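The values are calculated or read from the model by the stated rules, or taken from the named source; none is laboratory data. Since the model is a prediction, treat every value here as computed from it, not as a measurement. Cβ sites come from the backbone with ideal geometry, for glycine too, and all protein chains shown count toward neighbours. Please note that ligands, DNA and RNA were not included when accessible areas were found on the heavy atoms of the full protein model with its side chains. Shrake-Rupley method; radii C 1.70, N 1.55, O 1.52, S 1.80 Å.
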Amino acid sequence: MRTHTLLSITLLGLLLWASCVQASDSDQNQEETSKESTEEVSEEMSEETEEAPKEKTTEIEEEKDVMVLHINNFDRALSENQYLLVEFYAPWCGHCKQLEPQYAEAAGKLKAEELAIRLAKVDATEERELSDEFDVGGFPTLILFINGQRKQPITYTGKRSADGIIKWMKRRTGPGAEVLESTKSAAQFIDAHNITVVGFFDTLESEAAKVFKEVAFDVTDTEFGVTTTPEVFQKYEVKTNSVVLFKKFDDGRADFVLSDEEKLDKRNLTSFIQENSMELIIRFSKENADKIFSSKIHLHSLLFINSTVEREKAFVEKSWAVAKEFKGKVTMLFIVIDVMDDLPHVLKYFGVSKSDAPTVRIIDMDTEKKFSIAKGDLTEDSLRQMCQEVFTGTAKPYYRTEEIPEDWNKGPVKVLVGKNFESVALDPTKNVFVEFYAPWCGHCKELAPIWDQLGEKYADHVDIIIAKMDATANEVESLTIQGFPTLKYYPAGGKEAVDYTGKRDLEMMSKFLDDGGVMPAEESKEDEDEEAEDEDEDKEDKEGDDSKEDDDTTGDDSKVCIVAATFAICQ
């Protein structure tokens, strides 16, 4: 499980699954209001049905082709199935509910093919003994058991889709990488696919070859081959242990050469494959969003064009030379975004409209800053200059803001945007309590009526202002939002802002304001326990959503970026 604090999430990947977050928020809101603990959920279900629990035997029942396992039939399932993927889930978990139809579809298709592969599930909230044995720390957790071995199971690292599950399972049941024993078989293998990754090793028993095989098992959307044949080395001009990615675009191949002292590293090899599998200039789409999202490249140059305009399409071709230049000088992704595609969240985030095309925006994921080139100033030379200035740190960033609403000051809750934030929130004569929210965030929607009540309660206090700002559309240079909703109190006199971390109810927030921005005294032990449990459940959903075996390989926060204040985890 990841131990890092989330700093940033790649904008493009984020906005693609923003709608999923909305659904997840909704699910979580319903879940959180209906449970105090897993035990109480079980008790309520028992009271509603008034049915005695079924006796657990060694018999194995199925639900939509998914085997239902528990402590009494688990051993039998392992002994009867060569490849058994088991999902440990919680009935209340939103991510588990989202996975359920995909998991069932995969189970049905694999069962119909009569392969030695089956899918099963375990209610981890009831089967604590099994959960503890396999160190289940998040929901859902998927674990593969091979040949009945329960001592060293394999954590599922594939995509959470029916197709992703099927591909991952089938890859695990095979050799992972096809052995290429001749120049003919190598040529046929490479020619048959758009992208192939071939390992050239002195022996398949080497540590490097074993690492290569591990990566081949995990990266299921790419075909892998391996060879120890000298003639194949010679045909492809490989002189030492290497990994070569062959591709039918750009330069045709990319070489990952190992020195005598260097060991092949799973993380670096995976990054090499991901980065070199993408075209020099990438057309953003749902199909390649995963690769963009998981890339370790932190500089993204986004070319917004209208694909119906020929001269704008031609500009992309002209940008190829710049992209190649900066790939050699500094790692930078060049991404084409068609303003005619259905990507309103992307356009909104950058403040780009269809009429603005062609235009360029550059994001530095490390500093969370964005840079732009105006439509009229966009040329091949200006693009090169902007990329260079971003690289050297001399470019001036821009911050998005909406226009100040005419009625921003009319209601009990004042509406802030980037343009009026400092004049209102940092007014030295006022104490200003600000909610930074995202329109799609379920927790923000839950807080909205309470926040309005708070505004009404303090409407007559001349020195207190209750305000809100849509942090997905407005940015402030000195402010980074890492969760929605975020509540900040700006005291009069220019004192340092205070983060409000207490309960989001009218009573506690009122006490906070009445005490001059001092956090209320510690809550009761019972309340602390309840909040800790809710945090654990949120944590489980977040961790489970990674679906990756090695945090350093795919969950490194240096590449998982929250850009400005568009989104962070709903707290």
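Amide H contacts under 5 Å for Asp427: none, restricted to partners 5 or more places along the chain or on a different chain, H placed in the peptide plane at 1.01 Å from N. Of Val360, Val415, the residue with the largest accessible area leads and the full order is Val415, Val360 (1.4 Å probe).
Each residue, Ser353 and Lys170, gets one label point 7 Å from its Cα in the Cβ direction; the gap between the two is 4.8 nm. Stretching Lys64 away from Lys457 to a fully extended chain increases their span by 136.2 nm, per 0.36 nm per residue minus the current alpha-carbon distance. Short-range pairs are left out: with C-alpha atoms under 8 Å and at least six residues apart, the relative contact order of region 221-270 is 23 percent.
Using a probe radius of 1.4 Å on heavy atoms only, what accessible surface per residue do you get for region 62-172? Whole Å² is fine.
44
Using the structure shown, select from Lys167/Lys263; Lys170/Lys239; Lys97/Lys159; Lys109/Lys286 the pairs with a Cα to Cα distance greater than 21 angstrom. Check vs 21 Å cut-off fails for Lys167/Lys263; Lys170/Lys239; Lys109/Lys286.
Counting only residues at least eight positions apart within a chain, or on another chain, the lysines with an alpha carbon under 19 Å from that of Lys375 are Lys313, Lys318, Lys348, Lys354, Lys396.
Translational diffusion of region 62-172, estimated by Stokes-Einstein from the Kirkwood radius over alpha carbon pairs at 37 °C in a medium of 0.692 mPa s, is 239 µm² per second.
Averaging the sequence gap over all C-alpha pairs within less than 8 Å and six or more residues apart, then dividing by the number of residues, gives region 307-385 a relative contact order of 26 percent.
Counting Lys and Arg as +1 and Asp and Glu as -1 over every other residue whose Cβ lies under 13 Å from the Cβ of Gly493, the net charge comes to -1. Place a label point 7 angstrom from the Cα of Glu181 along the Cα-to-Cβ direction, then list the residues of region 216-230 whose backbone nitrogen is under 16 Å away. Within reach of a label on Glu181: 226-230. Can you spot the lysines whose alpha carbon is less than 22 Å from Lys430's alpha carbon? Ignore those fewer than 8 places along the same chain. By straight Cα distance, Lys430 reaches Lys410, Lys414, Lys419, Lys457, Lys468, Lys488, Lys495, Lys511. Only Cα pairs under 8 Å and 6+ residues apart enter the sum, and on that basis the relative contact order of region 414-515 stands at 37 percent. Atom-type composition of the exposed protein surface of region 281-392 places 51 percent of the accessible area on carbon and sulfur (1.4 angstrom probe).
In this structure the amide hydrogen of Ile465, modeled in the peptide plane, comes within under 5 Å of the amide hydrogens of Asn431, Val432, Phe433, none closer than 5 places in sequence on its chain.
Take region 281-392 with all the other protein chains still there, run a 1.4 Å probe, and you get 45 Å² of accessible area per residue.
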